[in-house]
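The values are calculated or read from the model by the stated rules, or taken from the named source; none is laboratory data. Because the structure is a prediction, the values reported are computed rather than measured. Neighbour counts are summed over all protein chains in view; Cβ atoms, including those assigned to glycine, are modelled from backbone coordinates with ideal geometry.
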Number of protein chains: 4
Amino acid sequence: MTDEHLYSLNSKKVEAATDEWLAKRGVTREAIAELVFFLQKDYYPDLSVEECLGSVNAVLSKREVQNAVLTGIQLDVLAEEGKLISPLQEMIYNDEGLYGCDEILAFSIINVYGSIGFTNFGYIDKVKPGILEKLNDRTDKEIHTFLDDIVGAVAASAASRIAHRKQAERESNMNAPID
Amino acid sequence: MTDEHLYSLNSKKVEAATDEWLAKRGVTREAIAELVFFLQKDYYPDLSVEECLGSVNAVLSKREVQNAVLTGIQLDVLAEEGKLISPLQEMIYNDEGLYGCDEILAFSIINVYGSIGFTNFGYIDKVKPGILEKLNDRTDKEIHTFLDDIVGAVAASAASRIAHRKQAERESNMNAPID
Amino acid sequence: MTDEHLYSLNSKKVEAATDEWLAKRGVTREAIAELVFFLQKDYYPDLSVEECLGSVNAVLSKREVQNAVLTGIQLDVLAEEGKLISPLQEMIYNDEGLYGCDEILAFSIINVYGSIGFTNFGYIDKVKPGILEKLNDRTDKEIHTFLDDIVGAVAASAASRIAHRKQAERESNMNAPID
Amino acid sequence: MTDEHLYSLNSKKVEAATDEWLAKRGVTREAIAELVFFLQKDYYPDLSVEECLGSVNAVLSKREVQNAVLTGIQLDVLAEEGKLISPLQEMIYNDEGLYGCDEILAFSIINVYGSIGFTNFGYIDKVKPGILEKLNDRTDKEIHTFLDDIVGAVAASAASRIAHRKQAERESNMNAPID
């Protein structure tokens, strides 16, 4: 039980738990960076996976993102263990199409880097490249109803961040005059 | 454990569980209707609590709303029992100000009746009338980090629905000519 | 100039203007229904374009949707006529990738039928079938920066509505017992 | 008319236009900082208006925010000049309660600093302190249907940013051990 009188938010613990749980659930930052590269390579021929990884790291350092990652993984894990109340248990366990709270948490991640990430999110959620295919494979008994949307959202946000930064680079190279 | 091969969504069970869990957590539909009345009585002098209740019922019949109610109450209950992973446990148990997933689920409820409900949500979340004050009282050891936002969102949505319907009534009385 | 003292919202005018402006901008309800069919035909083999059209009509009857359609088309038309303030003019005229207000209006449409529509929106926004390809063709001098996202959002919402109704049909056929 | 072949986004122009148009419409950064101070002073007794101003500046430096400011002011100005299509003209001119695109643009601003800003937005939108009261005063013939929501959203975002930074300061003072 938690003693609320001694409670004080510890941001380092939130960040460390985010990392720990992503790893436990089989998601590396590199795998997310590969999704970003998949989304952006056609627009920026000089883009490297390393640059994508830097962007993933920046997204994962945001508090809102960490909160959504932890909350989503928590619900996945509890569904896997059969510990949720019915019929929430059945809906999350079976990734019910009419249950949309997983998408809702995902959008809270995308919003942090602005609306331009939504298209990319919808696209990789449909074609499911790389780690997203693995997360959607039900043969391994793991439940990733929330995590697949969250990983897609982190990738889409990181792609938006790259779009913003590439523009800044381009303007900086031109010394972007005001007129 | 759930057998996914036999899974088939049962909407009546989702609706019944929503009712059951709201009641278990001390929230009646009448208490939500009182919030709606509080929000709208100054705009519609002839408004009754019964009409507000009808609007609350309509909002609670929506699948998206039921999903958010069940998911939020589930997280509250688990936090109350100390069963969440750390530091998610501490953040939800203490209604951490920088944890915003409760607001996020609440917005998914408001969105169903359109953006005009956001102002009402923010307002009652701040002044906390009626049942919202009770849900925020920590002396009874119950955790309602998600539920207070969800109840506020249901009330705000029901208020939006009333605004839409009152307009329809007004136009119907005028036989609303196109020009 | 408008005389605010005589102002009274006329919902029939809002609905009629929505229809009129969609038509003026080259978008028929049938063309949107084709997008819905494209999105849902693999999931429901017995789906007809007529059923999709019924769903498009239901989405377009919502006030929030009509508001977004009119606002978006208005901004497109003004950009086409070169009448916006700079640099808003240039950003909308050129469908600037870092300008996201078009996506934002689109999401307000999707939200009305719940978060499950976001994936479909992102997908058709990327592959651009049917009318979406035409709206993105810059050779005809028309600007559809907002309208292409709005049309995609209406289609995605109509697809969500179909998913909800097909589930209701399925359960009704089974007499959906509570246990 | 714009020549799209020569188009290249100039971020400095977007930022300069945001400043210029806020000023033209009677909104100073100081007036927004006063709203932030109003929202946060009870939580942080040592908070200064200067600190609030720094936070307002940070929010206004975000591209998504600048886009929403310019788009909203553009629609206000056109409504003031009577240049919008009917009935969009009448709805924006009269700040129609069932027209919610102003709130929608406002939320895209709040989202950038996370969901915790929504409550503050709803609250100041209802009590309308300081500059918000002035923007809602219809006697001066100016239309601020979008701008009042946008200013409230910038203030709410700046308040969220302060909440995040105050927490970082607190933890830094404690050397926040991981455990």
Practice item. Filter the range B:138-174 down to residues that are farther than 21 Å from B:ASP95 by Cα and of a type in the set (Lys, Arg), then give me how many there are. Key: 4
Review point. Within the range D:71-83, which residues are in contact with a Phe, Trp or Tyr (Cβ under 7 Å, 6 or more places away or on another chain) and closer than 12 Å to C:GLN74 by Cα?
Key: D:LEU75, D:ALA79
Study note, to complete from the structure: Restricted to the range A:142-174 and to residues being more than 10 Å from every other protein chain (Cβ to nearest Cβ) and assigned to a loop (DSSP other than H, G, I, E, B), the residue nearest to C:GLU96 (Cα to Cα) is A:HIS144
Exercise for review: Tell me, please, whether a residue that is of a type in the set (Val, Ile, Thr), more than 7 Å from every other protein chain (Cβ to nearest Cβ) and under 13 Å from the mean Cα position of the chain (by Cα) can be found in the range C:122-141.
Suggested key: yes
Review point. Counting just the residues of the range A:9-31 that are over 20 Å from B:LEU84 (Cα atoms) and part of a helix (DSSP H, G or I), which one comes out farthest from the other protein chains (Cβ to nearest Cβ)?
Key: A:GLU30
Practice item. Consider only pairs whose beta carbons are under 8 Å apart and that are at least six residues apart or on different chains; among these, list those whose first residue lies in the range A:132-146 and is polar (S, T, N, Q) and whose second residue is in a helix (DSSP H, G or I). Key: A:ASN136/A:ASP148; A:THR145/A:LEU75; A:THR145/A:ASP76; A:THR145/A:ALA79; A:THR145/A:ILE92; A:THR145/A:TYR93; A:THR145/A:ASP102
Practice item. Test C:ILE131 against the stated conditions and say whether it is surrounded by 15 or more Cβ atoms within 10 Å (Cβ to Cβ), touching a Leu at 6+ places or on another chain (Cβ under 7 Å) and closer than 19 Å to A:ASN120 by Cβ. Key: no
Exercise for review: May I ask you to list the residues in the range C:32-46 that are part of a helix (DSSP H, G or I) and acidic (Asp, Glu)?
Suggested key: C:GLU34
Exercise for review: Please work out which one of (1) within 30 Å of B:ALA159 (Cβ to Cβ); (2) buried (at least 19 other Cβ atoms within 10 Å of the Cβ) is the condition D:SER86 fails and give its number.
Suggested key: (2)
Practice item. Would you point out the residue of the range D:36-48, among those that are surrounded by 15 or more Cβ atoms within 10 Å (Cβ to Cβ) and more than 14 Å from every other protein chain (Cβ to nearest Cβ), that is farthest from D:THR119 (Cα to Cα)? Key: D:LEU47
Review point. Give me the pairs: first residue in the range B:11-25 and free of Cβ contacts under 8 Å to residues at least 12 places away in the same chain and closer than 16 Å to A:MET91 by Cα, second residue of a type outside the set (Lys, Arg) and buried (at least 18 other Cβ atoms within 10 Å of the Cβ), beta-carbon distance under 7 Å, and six or more apart or on different chains, which are they?
Key: B:LYS13/A:PRO87
Review point. Is it the case that the range C:56-65 has a residue that's more than 14 Å from chain B (Cβ to nearest Cβ), surrounded by fewer than 19 Cβ atoms within 10 Å (Cβ to Cβ) and closer than 14 Å to C:VAL154 by Cβ?
Key: yes
**Study point:** Long-range neighbours under 6 Å by Cβ, at least six apart or interchain, first residue farther than 27 Å from A:ALA16 by Cα within the range A:38-62, second among the basic types (Lys, Arg)
**Key:** A:TYR44/A:LYS166; A:LEU47/A:LYS41
Check your understanding: Any residue at all in the range C:52-72 that is in a helix (DSSP H, G or I), modelled with pLDDT under 95 and closer than 24 Å to B:ASN111 by Cβ?
Key -> yes
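Quick check on this structure: which one of B:ALA155, B:ALA163, B:ALA68 is touching a residue at least 12 places away in the same chain (Cβ under 8 Å) and farther than 30 Å from C:LYS13 by Cα? Show your work before the answer.
Working: B:ALA155 fails: farther than 30 Å from C:LYS13 by Cα; B:ALA163 fails: farther than 30 Å from C:LYS13 by Cα.
From the options B:ALA155, B:ALA163, B:ALA68, the qualifying one is B:ALA68.
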Check your understanding: Which ranges mark the helices (runs of 4 or more DSSP H) fully within the range B:84-134 that have 2 or more residues being closer than 21 Å to A:VAL77 by Cα?
Key -> B:88-93, B:101-110
Practice item. Can you confirm whether the range B:159-171 contains a residue that is surrounded by fewer than 17 Cβ atoms within 10 Å (Cβ to Cβ), out of contact with any Ser or Thr (no Cβ under 9 Å at 6 or more places or on another chain) and at pLDDT below 95? Key: yes
Review point. If you go through the range D:73-112 one residue at a time, how many are more than 10 Å from chain B (Cβ to nearest Cβ) and among the aromatic types (Phe, Trp, Tyr)?
Key: 1
Exercise for review: Residue by residue through the range A:15-63, note down the ones that are aromatic (Phe, Trp, Tyr) and more than 30 Å from D:ALA163 (Cα to Cα).
Suggested key: A:PHE37, A:PHE38, A:TYR43, A:TYR44
Check your understanding: Checking C:LEU132 against (1) modelled with pLDDT of 95 or more; (2) under 19 Å from D:LEU105 (Cα atoms), which test does it fail?
Key -> (2)
